[in-house]
Amino acid sequence: MAPVLLLLAAGALLAQPAEYRIEPGGDNQIALDVEKTGLMKGKKHHFVFPRYQGKLVFDAGNPSNSRVELKIDSASVVCHDTWLSPKDLKKVIDYTLKDMLAVRQYPEMRFQSSKVTALGNNRFTVDGTLTIRGIGKPATLDVTLESGKLLFDGKSVVKLTNYGLKPPSAGLGTVGTKDEMTALFRVAALGQR
């Protein structure tokens, strides 16, 4: 009888959600694409955030029990635009750090999930709160789980104006920025905590 109870207990433990770390490394990336308007239509700024940390509680048997928390170091932002001169690239980064992200006052951005919905075929929607500049707003991530791995690809569209930010423009509006940004991520959940 005792071996049967041990097997049942072990099965119950294996069915429990497991907690994993999310951190930089490998192919992991958290990025933000911001499209230009006007004379620069078709161009986009590609910002990458190389410093972040988080945790994932993943329940493979019942994904709705899963949850994720992510903290992103705002000051770590790097712009990978190849279409800008070095001088203009510096201006973009300086403006992003000082005016858009206000990293001295708001050193991190956060995402805290509130609901995970399985869509089938390893696809999920993850609803939660995205906090930028101290303002938390609802956000929905579209996520794909790479088969056989805890590797998640996803994206979400976020509006600048939802966070009290005015899309930048120059040249009396002949060059501007769309209100919508696309948050992109590819993260692997690492060893259990």
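Name the one entry in Gly128, Gly154, Gly176, Gly136 that is surrounded by 14 or more Cβ atoms within 10 Å (Cβ to Cβ), in contact with a Gly (Cβ under 6 Å, 6 or more places away or on another chain) and either at pLDDT below 90 or not basic (Lys, Arg) (or both). Spell out how you get there, then give the answer.
Values: Gly128 fails: in contact with a Gly (Cβ under 6 Å, 6 or more places away or on another chain); Gly154 fails: in contact with a Gly (Cβ under 6 Å, 6 or more places away or on another chain); Gly136 fails: in contact with a Gly (Cβ under 6 Å, 6 or more places away or on another chain).
Going through Gly128, Gly154, Gly176, Gly136 in turn, the sole match is Gly176.
Looking only at segment 37-48, decide whether some residue is closer than 25 Å to Thr117 by Cα and either at pLDDT below 90 or of a type in the set (A, V, I, L, M) (or both). Within segment 37-48, none of the residues are closer than 25 Å to Thr117 by Cα and either at pLDDT below 90 or of a type in the set (A, V, I, L, M) (or both). Pairing each residue of segment 169-193 that is acidic (Asp, Glu) with any residue that is modelled with pLDDT of 70 or more and part of a strand (DSSP E or B), provided the two are 6+ apart or on different chains, yields C-beta distances under 6 Å for Asp179/Lys159; Glu180/Val157; Glu180/Lys159.
Filter segment 69-119 down to residues that are in a strand (DSSP E or B) and either in contact with a His (Cβ under 9 Å, 6 or more places away or on another chain) or not polar (S, T, N, Q) (or both), then give me how many there are. Walk me through it before giving the result.
Keep residues of segment 69-119 that are in a strand (DSSP E or B), which gives 69-73, 78-79, 108-119.
Cutting the leftovers down to either in contact with a His (Cβ under 9 Å, 6 or more places away or on another chain) or not polar (S, T, N, Q) (or both) gives us 69-73, 78-79, 108-111, 115-116, 118-119.
Within segment 69-119, residues that are in a strand (DSSP E or B) and either in contact with a His (Cβ under 9 Å, 6 or more places away or on another chain) or not polar (S, T, N, Q) (or both) number 15.
So if I check each of Arg67, Arg104, which one is closer than 30 Å to Ala18 by Cα and either at pLDDT 95 or above or touching a strand residue (DSSP E or B) at 6+ places or on another chain (Cβ under 8 Å) (or both)? Give the derivation first.
Numbers: Arg104 fails: closer than 30 Å to Ala18 by Cα.
Answer to the selection: Arg67.
The values are calculated or read from the model by the stated rules, or taken from the named source; none is laboratory data. Since the structure is predicted, the reported quantities are computational estimates derived from the model, not experimental observations. Every residue, glycine as well, gets a Cβ built from its backbone with ideal geometry; the counts of neighbours run over all protein chains shown.
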